[in-house]
1. Quote the charge dipole size of the chain about the Cα centre in Debye, to the nearest 20; the model charges only the Cβ of Lys and Arg (+1) and of Asp and Glu (-1).
2. For region 320-327, what does the Karplus curve 6.51 cos²θ - 1.76 cosθ + 1.60, with θ = phi - 60°, yield as ³J(HN,Hα) per residue in whole Hz, taken in order and with x for Gly and Pro?
3. In nm², what is the average projected area of the convex hull enclosing the Cα atoms of region 192-281?
4. Once amide H atoms are built 1.01 Å from N in the peptide plane, which residues 5 or more positions from Gly204, or in another chain, come under 5 Å H to H?
5. Around Ser127, which amide H atoms from residues at least 5 apart in sequence, or from another chain, sit under 5 Å from its own amide H, with H modelled in the peptide plane?
6. Add +1 for every Lys or Arg and -1 for every Asp or Glu among the other residues with Cβ under 10 Å from the Cβ of His259, and state the total.
7. Compute the signed sum of charges (Lys and Arg +1, Asp and Glu -1) over the other residues within less than 11 Å, Cβ to Cβ, of Leu277.
8. Among Thr295, Thr5, which comes first, second and so on when ranked by fewest other beta-carbon atoms within 10 Å?
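Since every read-out is calculated from the coordinates, none of them should be taken as a lab result. Quantities reported herein were computed from a predicted structural model and do not represent experimental measurements. Cβ coordinates were reconstructed from backbone atoms using ideal geometry, including for glycine residues, and neighbour counts include every protein chain displayed.
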Amino acid sequence: MSGNTLGLLFAVTTFGESHGPAIGCVIDGCPPGMELSEADIQPELDRRRPGTSRHVTQRREPDEVEILSGVYQGRTTGAPIALLIRNQDQRSKDYASIAETFRPGHADYTYWRKYGVRDPRGGGRSSARLTAPLVGAGAVARKWLREQHGIEVRGCMQQVGEIAIPFQSWEHVAGNAFFAPNQDIVPRLEEYMDALRRAGDSCGARVYVEARNVPAGWGEPLYDRLDADIAHAMMGLNAVKGVEVGDGFASVEQRGSEHGDELTPRGFASNHAGGVLGGISSGQPVTVSIALKPTSSIRVPRRSVDRDGQPVVVETLGRHDPCVGIRATPIAEALLGVVLMDHALRHRAQCADVRHELPPLPGWIAESGA
């Protein structure tokens, strides 16, 4: 199976399956000399891990990370960094009934058509469980970006199902299970999720993520544009069906006089472009929104076929998130961090000696927010 590596100079390759003995990743290209330990990575994994509230899957995984290589005496050596997370709460028997059938909306059918074999236990390689090691790699990237460039990556939930979440403050995001930037709406979200769980159904979500203090000049046109690589990475996240950079699809209704971000001596007057122009970072905040489809594993009976092509009815049992978007915020942050780290190293490799008489513009003179 190919296609398991994200990045060029900062490259992350994940491995493992949902119900295998372990999952993990190998990070190649991390510069030497950075202080790194499990304590730098574990907090991000704790934000993503299952079982943290009644609104997500109750699979009990501590997601304790082990650094197997690439660190000596507390500092990175430049060698590949191997991260390992052991699976501890597999319940493979929950999937015995669907081993010979295909769950609607899942990758069961397409994996079987492509490889001629599939692991039905929790989706195997196609499971969102494989986002855990990616979050670990993102923690490594984000620490380097923060120390070297002062870059901060943060995200929040914008919408759950039909419920839009008005932005109040970033201070609220860490205080609820939804990563919502609005504490007042949390009781409504909880009621909505409880009703979905009782009905055995699911819903989609919209997540926003941004990176502040990204220097101008990162990106590799024409075909490795910064925004294209961000979209490529975000589409690699399970259940993502849409990616917007900046205003995204709202740009369709805008006039050129509105959308084009004017430049002033004090900085950009707006950020409709999302911090990327011509595939290259502008120095403004890089802003991204992703749309996640409803969870495909639901108790509602659905029509399908078995491996002989005969009609069957599938009812997915086991432990599943009624909204996979609830735990997507830390993953989207990690993906953005990995892409930015890769482009930081690529820019340094080719353009580190470029000098300008004009200093960088201050960024966006308006305050950014979801």
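1. Numbers: 40 positive and 45 negative charges, 226 e Å.
The dipole magnitude comes to about 1080 debye.
2. Coupling constants for region 320-327: 9, 6, x, 8, 5, x, 4, 9 Hz.
3. On the way: hull surface 33.8 nm².
With the hull built on Cα positions only, its mean projection is 8.4 nm².
4. Answer set, sorted by chain and number: Gly161.
5. Answer set, sorted by chain and number: Ser18.
6. Working: positive: Arg255; negative: Asp247, Glu253, Glu258, Asp261.
Once all neighbours under 10 Å are counted, the net charge is -3.
7. Details: positive: Arg225; negative: Asp227, Asp261.
Net charge around Leu277: -1.
8. On the way: Thr295 26, Thr5 13.
Result, fewest neighbours first: Thr5, Thr295.
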